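Inspection log for the structure reproduced underneath, given as structure tokens.
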Amino acid sequence: MKNLEQTAHDLKHAAHDAREHLQHEVAAFAGKAEVKRQAELAATVARQQKELHRLEAQVERLSQRSASGGGFPWGLVLLAGGVYALYRSNPSFRDQVQGLLRRVNPGVEGNLARAGDAAKDAVSKVAQGENPGDAMRTAGGELRRAGEKTVDQAQDRLHDLKNQAQDRAQDLKRDVNRAVDNARDELGRS
């Protein structure tokens, strides 16, 4: 029985030693893992600090550039003021600007101006003995677009007038119903 007690005691002691050894191994492994994690974290922080320094340097360079050459575009304001003064004071310049605007204008006037230019080009080509076909097709296309836009505008205006008439008819109907209700109330009181 002594042997059995001794064996049990030895097993307990061996288990205790194994547990302590295992705890020591786990602690060492956890310590190494923590050290590795801390090193990775430190490397990440170092990369972020480096990136922050780079961004700060860029911001500094941009602020120096904008302080030296940036700011309010006074040159553009002066140019716009000069063009406006020329537009107001010089009738031929004003006519040229308005002519350009008519040609750029996507509305009916722009299409008609471009059709007129194409027709002039066709006449010029005929006078020079060239084929005016392309210029005539351009003029026709511009006239067609001008007509389409005119029809669209007329339809839009007609639609607006129809909606206004319907709204006024509904307003009139409400007014008549109100007047009838008021008359009934007056007759009911008397």
Output for the stretch 128-145, where each listed residue is surrounded by 16 or more Cβ atoms within 10 Å (Cβ to Cβ) and in contact with a Ser or Thr (Cβ under 9 Å, 6 or more places away or on another chain): PRO132, ALA135
Out of ALA169, ALA122, ALA118, ALA146, sole residue that is farther than 30 Å from ALA80 by Cα, in contact with a Gly (Cβ under 9 Å, 6 or more places away or on another chain), free of Cβ contacts under 8 Å to residues at least 24 places away in the same chain and assigned to a helix (DSSP H, G or I): ALA122
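Residue-by-condition table, conditions (1) at pLDDT 70 or above; (2) surrounded by 11 or more Cβ atoms within 10 Å (Cβ to Cβ); (3) not acidic (Asp, Glu):
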site: SER66; (1), (2), (3): no, no, yes
site: TRP74; (1), (2), (3): no, no, yes
site: PHE93; (1), (2), (3): yes, yes, yes
site: ASP121; (1), (2), (3): yes, yes, no
site: VAL126; (1), (2), (3): yes, yes, yes
Evaluation of ARG102 against (1) closer than 27 Å to GLN153 by Cβ; (2) at pLDDT 80 or above (one fails), failing number: (2)
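Out of ARG88, ARG114, ARG61, report the one residue that is open to solvent by less than 80 Å² (accessible area, probe 1.4 Å), modelled with pLDDT of 75 or more and of a type in the set (D, E, K, R).
ARG114
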Residue in the stretch 150-160 that is within 36 Å of the chain's Cα centre (by Cα), surrounded by 12 or more Cβ atoms within 10 Å (Cβ to Cβ) and not hydrophobic (A, V, I, L, M, F, W, C) present: yes
So ALA46, is it modelled with pLDDT of 75 or more and open to solvent by less than 100 Å² (accessible area, probe 1.4 Å): yes
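The values are calculated or read from the model by the stated rules, or taken from the named source; none is laboratory data. Quick caveat, the model's predicted, so the values are computed rather than measured. All Cβ positions, glycine included, derive from the backbone under ideal geometry; neighbour counts span all protein chains shown. These accessible areas exclude ligands, DNA and RNA; they are computed on the full protein's heavy atoms, side chains included. Shrake-Rupley method; radii C 1.70, N 1.55, O 1.52, S 1.80 Å.
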